[in-house]
Ligand SMILES: C[S@@+](CC[C@H](N)C(=O)[O-])C[C@H]1O[C@@H](n2cnc3c(N)ncnc32)[C@H](O)[C@@H]1O
């Protein structure tokens with residue numbers, strides 16, 4: 001006759017007595033979840049592992065240092081039987097049966113009245129996986145299924161929108177430098193739950209292709225801005241969609257607060273009374289050099305790195321950068337948005353004392369399939385950018401770190 005499947009249930013154990021027999025590895029693995037569930041745990045065992053002992057010392061469980069004795073399970077709601085003594089385990093499960101106490105047995109799943117599922121948690125959900133019958137029990141398979149579900153929920157590949165708890169609003173998500181694997185787990189989950197995504201040109205564009213068809217994807221560069229500035233038009237679009245009760249993700253390249261205008265958007269949303277959450281991202285300023293084999297610091301070579309915007313030339317009155325001071329620094333200089341002006345920037349650095357043979361690397365479209373690295377020096381970089389046709393987006397690294405790795409050109 002086919003065995004009936006187990007009936008899954010969630011036990012609410014707050015303040016309820018749970019008896020654990022045996023203080024070894026099984027108890028060590030199971031106790032944290034029982035403690036987290038608020039159970040009143042009595043451990044009965046002559047010995048315990050150091051971790052279990054620490055739980056008793058911390059007052060998280062009560063430990064009676066002795067073997068199991070008849071009557072231990074009388075007033076328990078639930079029992080975990082895991083001593084190394086099969087005969088004691090059998091006596092204890094017979095007692096559990098008499099008192100109608102559900103019990104798991106580490107040594108004999110067939111003889112148990114309950115099984116522990118493989119469990120995991122993600123964002124307020126507990127995932128519990130059980131095989132349907134004792135003979136089919138395969139702990140590795142259940143753990144693998146649990147891992148796949150939890151991982152999918154965390155990274156957003158398993159889409160399970162929060163229909164009841166999701167609050168409308170905006171998430172400013174740092175998408176990292178471009179490789180879709182370099183977004184954070186939180187960013188990816190929020191993306192998977194979004195109704196509307198307003199995306200920049202930079203960042204993990206490939207992730208947009210994975211979104212379900214009902215998600216509205218808006219290219220930030222294409223938002224018409226009429227009498228507004230482009231940024232104002234983006235802010236307005238965020239506000240409008242959020243006001244319609246939608247869950248909006250503003251997907252940005254790198255980190256939202258590194259030359260990303262994240263705070264301008266956050267302030268506009270705050271003024272409109274719209275809840276906003278900010279998810280950090282991996283900035284291109286560190287990750288793009290790294291992807292091209294350049295560490296921004298290196299022991300004995302550079303004790304600092306400075307990230308600078310090169311979008312206006314050093315002699316432009318709008319520039320907020322103190323280039324003469326930067327020329328005196330001995331560490332690494334990382335320049336974003338500097339391809340157009342790098343010739344002028346290099347001249348200025350040399351004019352203020354930086355050696356003309358200081359190594360420079362330009363890393364174009366870092367972390368994507370089109371990544372390209374071009375090497376030069378301060379003396380040659382202006383010309384190199386022209387002859388090699390280096391195009392934005394590129395991160396420019398200036399300093400001795402450029403040559404510390406095995407690879408100097410690609
Ligand atoms: C407006 S800034 C935004 C920076 C972004 N918030 C960050 O943290 O990486 C854009 C500049 O970042 C750099 N950048 C961003 N992603 C890049 C990539 N994948 N490869 C090379 N440079 C990149 C370029 O210098 C580009 O011009």
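Bear in mind that the values in this text are calculations on the coordinates, not laboratory data. Because the structure is a prediction, the values reported are computed rather than measured. We place every Cβ from the backbone using ideal geometry, glycine too, and count neighbours over all the protein chains shown.
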#### Entry: Spatial separation of Cα centroids for the range 308-356 and the range 209-238, in angstrom
33
### Task
With a 10 Å radius around each residue's Cβ, average the other Cβ atoms per peptide and rank 305-313, 317-325, highest first.
305-313, 317-325
### Query
Taking the Cα atoms only, what angle lies between the long axis of helix 230-243 and the longest principal axis of the chain, rounded to 10 degrees?
20
### Message
If I model a spin label at residue 110 and residue 309 as a point 7 Å from the Cα along the Cα→Cβ vector, what separation in nanometres do I get?
### Response
7.2
## Note on the structure
Extend 7 Å from the Cα of residue 70 along its Cα-to-C-beta direction; within the range 80-114, residues with backbone N under 17 Å of that point are 87-100
## Note on the structure
From fewest to most C-beta neighbours within 10 Å, the residues 402, 170 line up as 402, 170
### Query
If packing is taken as the mean number of other Cβ atoms within 10 Å per residue, what is the order of 354-362, 214-222, highest first?
354-362, 214-222
### Task
Once you have the Cα-Cα distance between residue 90 and residue 181, take 0.36 nm times their residue separation minus that, and quote the gain in nm to one decimal.
27.7 nm
#### Entry: Rounded to 10°, Cα long-axis angle of helix 262-271 versus longest principal axis of the chain
70
### Summary
Taking R0 as 35 Å and r as the Cβ-Cβ distance between residue 4 and residue 54, the FRET efficiency 1/(1 + (r/R0)^6), rounded to the nearest 0.05, comes to 0.30
### Query
On a 0 to 90 degree scale, rounded to 10, what angle separates helix 86-99 from the longest Cα axis of the chain?
80
### Task
Would you order 17, 252 from fewest to most other beta-carbon atoms within 10 Å of each residue's own beta-carbon?
17, 252
#### Entry: Estimated [θ] at 222 nm from DSSP helical runs (n ≥ 4, -39500 (n - 2.57)) normalised by residues in the chain, nearest 500
-8500 deg cm²/dmol
### Query
For residue 325 and residue 297, FRET efficiency with R0 = 22 Å and r from the beta-carbon atoms, rounded to 0.05?
0.70
### Task
Apply 1/(1 + (r/R0)^6) to the Cβ-Cβ distance of residue 209 and residue 264, taking R0 = 35 Å, and write down the FRET efficiency to the nearest 0.05.
0.80
